[in-house]
Amino acid sequence: MENAELLAVQPSEYLKRGFYDKNGDLLEELNGYYSLCMAYRLREEHTDIDQLQDIVVRLKEIASKRDSAVNDNPHLPLDDANAAAFKAVEKQTTSPTIRAIFDAANKWITDWKSFSSLTLHLQRILSQYALIKNLPDKD
């Protein structure tokens, strides 16, 4: 697969129907292909890996305050305080790729299940980015 193909993938396209398939299961591509594509975009734009790490940590901190809701009632809507905390995390990015992911995901972040799905997707992107960050460029 060519880098150009990976770089062409847009969050607005792959998230246009949300995080789940027709059965309500997390789209498998979010953990693999789409995360890899976003990692390559972050590498291309030279995003500081610490920025994404901070976002993931802060999102996990928000979720950890509501562990019971995340586990016991994932369709419980985010309360105002946690929705505001999510928006504050979202505003901290300077990366066009991370901004595009948030922009595409925003309409789907209505409950703890979708919040957790976005957090997981960003965690997978972070893992992929850590693996490819220092690879040599292809000629």
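The values are calculated or read from the model by the stated rules, or taken from the named source; none is laboratory data. Everything quoted here is computed from the prediction, not taken from an experiment. Note that each Cβ is placed from the backbone with ideal geometry, even for glycine, and that neighbours are counted across all protein chains shown.
Checked against (1) within 12 Å of the chain's Cα centre (by Cα); (2) over 13 Å from L126 (Cα atoms), L36 passes all but condition (2). Which residue is modelled with the lowest pLDDT, if the candidates are limited to the range 65-86 and must be under 20 Å from L15 (Cβ atoms) and part of a helix (DSSP H, G or I)? Only one residue fits best here, namely A83.
The residues of the range 18-44 that are among the charged types (D, E, K, R) and part of a helix (DSSP H, G or I), listed by number, are E28, E29, R41, R43, E44. Scanning the range 110-128 for residues that are farther than 13 Å from V56 by Cα and either at pLDDT 95 or above or in a helix (DSSP H, G or I) (or both) yields W112, K113, S114, Q128.
Please go through the range 13-33 and give me each residue that is among the polar types (S, T, N, Q) and either touching a strand residue (DSSP E or B) at 6+ places or on another chain (Cβ under 7 Å) or surrounded by fewer than 11 Cβ atoms within 10 Å (Cβ to Cβ) (or both), ordered by number.
N23
Here is a yes/no grid of residues against (1) more than 16 Å from the chain's Cα centre (by Cα); (2) part of a loop (DSSP other than H, G, I, E, B):
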{"position": "A4", "(1), (2)": "yes, no"}
{"position": "K16", "(1), (2)": "no, yes"}
{"position": "H46", "(1), (2)": "yes, yes"}
{"position": "A63", "(1), (2)": "no, no"}
{"position": "A88", "(1), (2)": "no, no"}
{"position": "D103", "(1), (2)": "no, no"}
